[in-house]
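The values are calculated or read from the model by the stated rules, or taken from the named source; none is laboratory data. All figures in this text were calculated on a predicted structure; none of them were measured in a lab. Here the Cβ positions follow ideal geometry from the backbone for every residue, glycine too, while neighbour counts run over all protein chains shown.
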Amino acid sequence: MSKIKKLVSFLFIPLMIMVVLSGCKGESVANENIAKRIEKEPTITWGVKYDTRLFGMMDIKTRKVEGFDIDIAKAITKEILGKDGKADFVEVTSKTRIPLLKNGNIDAIIATMTITEDRKKQVDFSDIYFDAGQSLLVKKGSHIKDIKDLTSEDTVLAVKGSTSTINIRKHAPDAKILELENYAEAFTALQSGQGQAMTTDNAILLGMASENDEYELTGGTFTNEPYGIAINKGQEDFLKEVNTALHKMHDNGTYNKIFEKWFPKDADGRAKKGAQF
């Protein structure tokens, strides 16, 4: 064997060992028992949105993410781990949240995630923590007053990886759909005239309308889109802890306090204790 071949073999074998070990490490992190781990390391890592008003929005000045989802995650963390428990937050989008969960980068997703039968095949869900419904956001004065008003002349803006596109195709099959990466891009597209309506859950649209008085929700809700906290399959102990924490938050008033911090008292969306979908 030539010196070059020997050198290549010498370098290749350690490299392959590193790759194998790296893969094993990633797999072990994804499959570890979260409930046992957080007993020793009192930190829960949550996947949250950074671009969704009222639920998860990065404050440019403080560099902290704020919103309903964030406060619910913090409260659950305290219920499970006590006052010294720590909640860490990782940004996710509708497209990246499940892959990040599956890879073990996060322990749970609390990111305006609708509970669906298809998603239940990939992850487990907590009880409902917000009872949302899909709606339309339009510029005031728009001819669109209801989902039935959408025609082949209209373009509806939605976010990739969400259930919104599926629902629009079902309720307004003639309308065109333009999918964007996130809510901020979708709303910018609406403002620039790339579409006549934007669609997603009413709670998210309410957040946008609250800061842009030229736009309004129209037609009420046309779906039932309850939000749940997504957890990897095989983490039954952790899932039970999350649901127990939610129950306690309903009982001690924490849930209502957080809800009314972000939404009007009479707003739709308040979840009932133990509600499932």
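Residues in segment 257-269 that are of a type outside the set (Val, Ile, Thr), in contact with a helix residue (DSSP H, G or I) (Cβ under 8 Å, 6 or more places away or on another chain) and at pLDDT 95 or above: PHE259, LYS261.
Yes/no per residue for (1) touching a helix residue (DSSP H, G or I) at 6+ places or on another chain (Cβ under 8 Å); (2) surrounded by fewer than 16 Cβ atoms within 10 Å (Cβ to Cβ); (3) of a type outside the set (A, V, I, L, M, F, W, C):
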residue: ARG169; (1), (2), (3): no, yes, yes
residue: ALA175; (1), (2), (3): yes, no, no
residue: GLN191; (1), (2), (3): no, yes, yes
residue: GLY195; (1), (2), (3): yes, no, yes
residue: GLY207; (1), (2), (3): no, no, yes
residue: GLU211; (1), (2), (3): no, yes, yes
residue: PHE222; (1), (2), (3): yes, no, no
residue: VAL242; (1), (2), (3): yes, no, no
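Of all the numbered requirements in (1) under 26 Å from ASN105 (Cβ atoms); (2) not in a strand (DSSP E or B), PRO226 misses one, and that requirement is (2). Taking the criterion of being in a loop (DSSP other than H, G, I, E, B) and crowded, with 22+ Cβ neighbours inside 10 Å, the residues of segment 55-72 that qualify are PHE55, GLY67.
Looking at TYR255, TYR183, TYR215, just one residue is crowded, with 16+ Cβ neighbours inside 10 Å, farther than 29 Å from LYS121 by Cα and not β-branched (Val, Ile, Thr), and that residue is TYR215. When the residues of segment 73-97 are filtered to those that are at pLDDT below 95 and of a type in the set (Lys, Arg), the one that is surrounded by the most Cβ atoms within 10 Å (Cβ to Cβ) is LYS95. Condition check for SER152 on (1) in contact with an Asp or Glu (Cβ under 7 Å, 6 or more places away or on another chain); (2) crowded, with 21+ Cβ neighbours inside 10 Å: one failure, at (2).
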